[in-house]
Amino acid sequence: MSTLELIAKAAVSHNLARSELITLLSDNGCNETLFAAADNTRRCYVGDGVHLRALIEFSNICRNNCFYCGLRRSNQNISRYRMDADEIITLAKYAAHNMGFKTIVLQSGEDMFFTVDKMCEIIHGIKQFDVALTLSIGEKTAAEYQAYKDAGADRFLLRIETTDRDLYHRLDPDMTWQNRRQCLTNIANAGLEIGSGVMVGLPEQTIESLADDILFFKEINADMIGIGPFIPHPDTPLKSAAGGSLEMSLKVMALTRLLLPDINIPATTAMETLAPNGQAKALQAGANVIMPNVTFTQYRQHYELYPGKSKTNCAIDENLQVLRNKISSIGRYIAVDKGFHKKRQVKTCPNFCD
Ligand code: SAM
Ligand code: SF4
């Protein structure tokens, strides 16, 4: 089948074989058609609403040493911070009541200060504000995921980072791919919505492994998938790596939309960091979520996973207005519900070429 035929097949059946994904990822001749098809599938299954999730980066302290990440424990050139429970809950309240967010996302390094009891206290505090709550705090035990769910958490984000196990083990010392995979099962078993994703452009990552990544998202029945380019950080062992491109990240994201048509897909901050219009492009190539950073500026500058990240975020209110304008300028609107994953039957969408 030609590339165009493969895109049409994916738009109708929401299925592609590994070899077909590899063909599409390898050929850049039809990228605009691929993005249009993903955009059409997004509109058909999840509509024109863009869900905004308020991101609170509450601690940059991490026990792990991932080669790609500026928060890795061996990085001495970073000021470490940790917000306390009251600060986190107060900020979440402001985001919910004053800014109108319907979802709060709490993200951090793997900071062992936040025991399961401390996290449950924070979850209880935030759930008073009638919001959905997402956690992105790393690898935990099955019992811990269950405790978060029982305390009121709704979703958990844990990127698999790559499905290439050897690559994962080269980049994440002391961690195992199998454990990360098991964590995703435990998250689902706890009844939390399951979010995962990968970085695109990791050193020695292959097109074949990106195809496997997309099939993996289907295999785990993901509710949300975040895809972003890998951006090298100067204070990490990967400082001289080439990094990922916006184009390839958008392609992996668009194919993910075609194969998992009804899930939530964010236009990631890493995409915006690579290109000033990266998120708008992503919203027009399959994405339906944005996670604006509401962390206090004094902390935000130190949550530097990769260079340039904090520059994509100006003062909270200012940033939100820019975002509103951006969303309406491409004919979209801000969704007013909590944006849970609603599973939908495969349906026939109007042809994206019409
Ligand atoms: N510590 C938790 C974890 O690892 O799951 C959550 C926070 S972690 C900083 C969130 C995500 O940032 C990671 O899953 C990874 O995909 C992404 N990330 C880290 N370093 C990056 C880099 N240099 N470029 C792009 N994304 C990066
Ligand atoms: Fe820690 Fe997450 Fe960064 Fe790895 S990616 S060093 S676990 S914050």
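We did not get these values from a lab; they are worked out from the coordinates using the rules stated. Note that the coordinates shown come from a computational prediction; the quantities given were computed from them, not determined experimentally. Note that we place each Cβ from the backbone using ideal geometry, even for glycine, and neighbour counts take in every protein chain shown.
Mind sorting Lys140, Lys342 by how few other Cβ atoms lie within 10 Å of their own Cβ, fewest first?
Ascending number of Cβ neighbours within 10 Å: Lys342, Lys140.
For Met248, Met99, what's the fewest-to-most ordering of other Cβ within 10 Å of each Cβ?
Exposure proxy ranking, most exposed first: Met99, Met248.
Amide H to amide H, which residues 5 or more places from Val105 or on other chains are under 5 Å from it, using H placed in the peptide plane?
Ala54, Leu55, Ile56, Thr134
For Asp166 and Ser19, what does the FRET efficiency come to when R0 = 30 Å and r is the distance between their Cβ atoms, rounded to the nearest 0.05?
Efficiency computed from Cβ-Cβ geometry: 0.90.
Sorted from fewest to most neighbouring beta carbons within 10 Å, what does the list Tyr45, Tyr145 look like?
In increasing order of surrounding Cβ atoms, one gets Tyr45, Tyr145.
Among the aspartates and glutamates, select those whose C-alpha is under 19 Å from the C-alpha of Lys309, and discard any that sit fewer than 8 residues away in the same chain.
Here the aspartates and glutamates satisfying the reach criterion relative to Lys309 are Glu57, Glu161, Asp235, Glu247, Glu272, Asp317, Glu318.
Taking H placed 1.01 Å from N in the peptide plane, check which residues at least 5 places from Arg82 or on another chain put their amide H under 5 Å from its amide H.
Placed amide hydrogens put nothing under 5 Å from Arg82.
Over the chain, what is the percentage of antiparallel beta bridges among all DSSP beta bridges, to the nearest 5?
5
From the phi angles alone, apply the Karplus equation (6.51, -1.76, 1.60; θ = phi - 60°) to the range 185-199 and give each ³J(HN,Hα) in whole Hz, x where the residue is Gly or Pro.
5, 5, 4, 5, 5, 6, x, 7, 5, 10, x, 9, x, 9, 9
Calculate one ³J(HN,Hα) per residue across the range 144-149 by plugging θ = phi - 60° into the Karplus curve 6.51 cos²θ - 1.76 cosθ + 1.60, and present them in order as whole Hz with x for glycine and proline.
Ordered by residue, 3J(HN,Hα) equals 5, 4, 5, 5, 4, 5 Hz.
Report ³J(HN,Hα) in whole Hz for each residue of the range 225-238, in order, from the Karplus equation J = 6.51 cos²θ - 1.76 cosθ + 1.60 where θ = phi - 60°; Gly and Pro get x.
10, x, 10, x, x, 6, 10, x, 9, x, 9, 10, x, 9
Choose one answer from Leu135, Leu320, Leu260: the residue with the largest mean-square fluctuation in a GNM of the chain with alpha-carbon springs under 10 Å.
Leu320
Suppose R0 equals 22 Å; then what is the FRET efficiency for Gln182 and Phe340 from their Cβ-Cβ distance, rounded to the nearest 0.05?
The pair Gln182/Phe340 has a calculated efficiency of 0.35.
For the chain, what is the mean residue ellipticity at 222 nm derived from helices alone (per DSSP H run of n ≥ 4: -39500 (n - 2.57); sum divided by total residues; nearest 500 deg cm²/dmol)?
For the chain, the value works out to -12000 deg cm²/dmol.
Order 13-25, 227-239, 192-204 from most to least packed using the mean count of other Cβ atoms within 10 Å.
192-204, 227-239, 13-25
Which entries of Lys140/Lys338; Lys149/Lys343; Lys218/Lys281; Lys118/Lys326; Lys218/Lys338; Lys93/Lys326 have Cα-Cα distances beyond 30 Å here?
Lys118/Lys326
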